[in-house]
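In what follows, a single structure is set out as structure tokens and then discussed.
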Amino acid sequence: MKTVKVYGPGCARCATTEQMIKDAAAKLGVAVTVEKITDARSIAMAGIMSTPGISVDGKLVHAGGLPDAAKLEGWLSA
């Protein structure tokens, strides 16, 4: 099971990113746990300057804007 964290203040883009992750995981048949991090201090401590940010199994893979669907599938299948 992969652990995915979505960093952001809770905006629409953050919600869309979370849904994209769930959809991609379902498509790939990958089990994921998605955690939303909305605390500004935690977001900054993760090194994210632009939200939404995504980490997969503790590795920051994206920050700022919606992720590309193909890249998202690549991160989840790796």
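The values are calculated or read from the model by the stated rules, or taken from the named source; none is laboratory data. All figures in this text were calculated on a predicted structure; none of them were measured in a lab. In case anyone asks, the SASA skips ligands and DNA or RNA and just uses the protein heavy atoms, side chains included. Shrake-Rupley method; radii C 1.70, N 1.55, O 1.52, S 1.80 Å.
Axis angle, to the nearest 10 degrees, between helix 12-28 and the longest C-alpha principal axis of the chain: 20 degrees. According to the calculation over all Cα-Cα pairs in the chain, the P(r) per 10 Å bin from zero is 21, 59, 20, 1 %. Candidate cross-link partners of residue 59 among the aspartates and glutamates, defined by an alpha-carbon separation under 19 Å and a same-chain spacing of 8 or more, comprise 18, 35, 39, 68, 73.
Per residue, the solvent-accessible area of the chain (1.4 Å probe, heavy atoms of protein chains only, all protein chains present) comes to 56 Å². Percent antiparallel among DSSP beta bridges with both residues in the chain, to the nearest 5? Here the share of antiparallel DSSP bridges comes out near 55 percent.
For the chain, the share of accessible area belonging to carbon and sulfur comes to 53 percent (1.4 Å probe, ligands and nucleic acids excluded).
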